[in-house]
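The values are calculated or read from the model by the stated rules, or taken from the named source; none is laboratory data. In this text, all values refer to a predicted model and were calculated from it rather than measured experimentally. When we count neighbours, we look across all protein chains shown, and the Cβ atoms used for this are built from the backbone with ideal geometry, even at glycine.
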Amino acid sequence: MKPNSHAKRVALYGLLLAVSLLFSYLETLLAPLIPIPGVRVGLANAVVMLLLLRDDPAGAAGVNLARIALSSLLFGNAFRFLFSLAGGALSLAVLLLLRRWRAPGAAGRSLLGGVAHNLGQWCAAACLLGGRGLFYYLPPLLACGALAGFAVGAAARGVDRILPEKLF
């Protein structure tokens, strides 16, 4: 019996979700090594970026939302969920706006997505926690988002080049 394309798609999304959850878990292990609280490399976002490079915005949104919910449930708490949701939503919105343009390239678009992600998280923190001290946190947070976003975008582009086209 030959599997239909819908079953293949569900299996692919499940596999990509599992990979992004694994990356999220690895980031929780790496978190103590990063001197700025709350900063993550964003490895799980490479899966979202890969789906966008393969022109699958609905899949990118679905995998992103499922990963945020499950990683918060498994490795975090309600604050992690809210911060990740705010960052992920703003980042995805920026990436969706930029996906039609080839410039500034995958790494450049991902850089802007990383900055948007951290800006969304910062806005959520400002709304939930308040305090003027958050303004001092913004510049290093945005710089880390730019660096991590660039690296994640370059990695996603590299993976996209070696994966067979038929996989998606």
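Summary of computed values
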{"quantity": "Count - residues of the range 88-110 that are under 11 Å from the mean Cα position of the chain (by Cα) and buried (at least 20 other Cβ atoms within 10 Å of the Cβ)", "calculated": "6"}
{"quantity": "Test for Leu70: is it more than 19 Å from Val115 (Cα to Cα) and modelled with pLDDT of 95 or more", "calculated": "yes"}
{"quantity": "Among the candidates Val19, Val10, residue that is under 15 Å from Ala156 (Cα atoms), at pLDDT 90 or above and in a helix (DSSP H, G or I)", "calculated": "Val19"}
{"quantity": "Lone qualifier among Ser84, Ser110, Ser91 - being in a helix (DSSP H, G or I), in contact with a His (Cβ under 6 Å, 6 or more places away or on another chain) and closer than 18 Å to Met49 by Cα", "calculated": "Ser91"}
{"quantity": "Filter result for Ala69 (closer than 20 Å to Leu95 by Cβ and surrounded by fewer than 19 Cβ atoms within 10 Å (Cβ to Cβ))", "calculated": "yes"}
